[in-house]
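One structure is given here, and the rest of the page talks about it.
The values are calculated or read from the model by the stated rules, or taken from the named source; none is laboratory data. All figures in this text were calculated on a predicted structure; none of them were measured in a lab. Here the Cβ positions follow ideal geometry from the backbone for every residue, glycine too, while neighbour counts run over all protein chains shown.
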Amino acid sequence: MPKLTDRERDGCRKLLELLPETDLLSLSDTVTNRMISVENPREAIEAIVTYSENAEELLKRKKVHRDVIFKYLAKEGVVITPSSEKHQLIKRTLELWSSHVSHVSISAPVSTGQRAVYAGDGLSDLTALSQQFCHWFYSLLNSHNPLMGQPMQDWGPQHFWETVRLRIGFLDIEQKMEEFHGAEMVSMRLKALAEEEQLLFNPNMEGQGLKCISSPHGLVLVAVAGTIYRHNNCLGIFEQVFGLIRSPLTNNSWKIKFVDLKITGQNAIQAAQRSGPPALTFDSSELLSLYS
């Protein structure tokens, strides 16, 4: 009986491909106690996956460096704080491999023209829909942050309705509000947050950090809270609300109708440290009343 699940084996292979050849061969010798002779990286990976006791044990190996796990998670579209320690990255990787929600990077239900991976019309499991959307959106946006060192994904106005509206509120010592209209302007402004301002969005997609509700008229509201980083410095906390509507012209895929983003500065960091992960400040009824 395999010691790793199929999903763990597949994930381990992808992660191990990021290791230098010398580290792979050394790790293969360690895992197999030099009982298996390998001649190339492919054979080394298969030996490591086959003879590892379990996924956690493999991830804890010294040759599986913290930076390798971080790079793997980034490639899988998992947003995580750059300053995270190795044990935190291991925990997130194991959660990814054990998750029952299909993980997405750019193959998102919102705009690629592909059908959503959840059952029916996508509204039968709003939690899955919101997790899928947030994984996709923040992976896509963060890929344009030059500090991430990732291949830039396909960002652009095609993900938005032509009449989309974006509001950004900055709440710190001074308060500032920006508003943009139209797919081109909204797309450019959001991209600039990552590309020019080098902001990294780290959403909290657990517990009180994520809500998804639908209206009788086909509007789906996804709200998420999280932290914002530049380099390794936490700048503040954000709450972001997306309005999604299906587009019959693009194979009924979801497109973004509006975006509201509120960013709160240093005071919010201190509050978050006292109260735990960032949480949304409004409930479902308030959310519906705001956008109905």
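Looking only at the stretch 18-40, filter to residues that are under 30 Å from S83 (Cα atoms) and free of Cβ contacts under 8 Å to residues at least 24 places away in the same chain; which one of those is surrounded by the most Cβ atoms within 10 Å (Cβ to Cβ)?
Restricting to residues being under 30 Å from S83 (Cα atoms) and free of Cβ contacts under 8 Å to residues at least 24 places away in the same chain, the top hit is S28.
Can you go through S83, S98, S37 and tell me which one is of a type in the set (S, T, N, Q), out of contact with any Cys (no Cβ under 9 Å at 6 or more places or on another chain) and under 28 Å from L140 (Cβ atoms)?
S98
Are there strands (runs of 3 or more DSSP E) fully within the stretch 135-229 with at least 1 residues that are assigned by TED's automatic domain parsing to the domain that holds F258, touching a helix residue (DSSP H, G or I) at 6+ places or on another chain (Cβ under 9 Å) and in contact (Cβ under 8 Å) with a residue 40 or more places away in the chain? List them.
Those strands (runs of 3 or more DSSP E) span 160-171, 200-204, 210-214.
Can you name the number of the only condition in (1) touching a Pro at 6+ places or on another chain (Cβ under 8 Å); (2) touching a residue at least 24 places away in the same chain (Cβ under 8 Å); (3) of a type in the set (D, E, K, R) that K3 fails?
(1)
Looking at D125, D121, can you tell me which residue is under 30 Å from P248 (Cβ atoms), in contact with a Phe, Trp or Tyr (Cβ under 7 Å, 6 or more places away or on another chain) and at pLDDT below 90?
The conditions single out D125.
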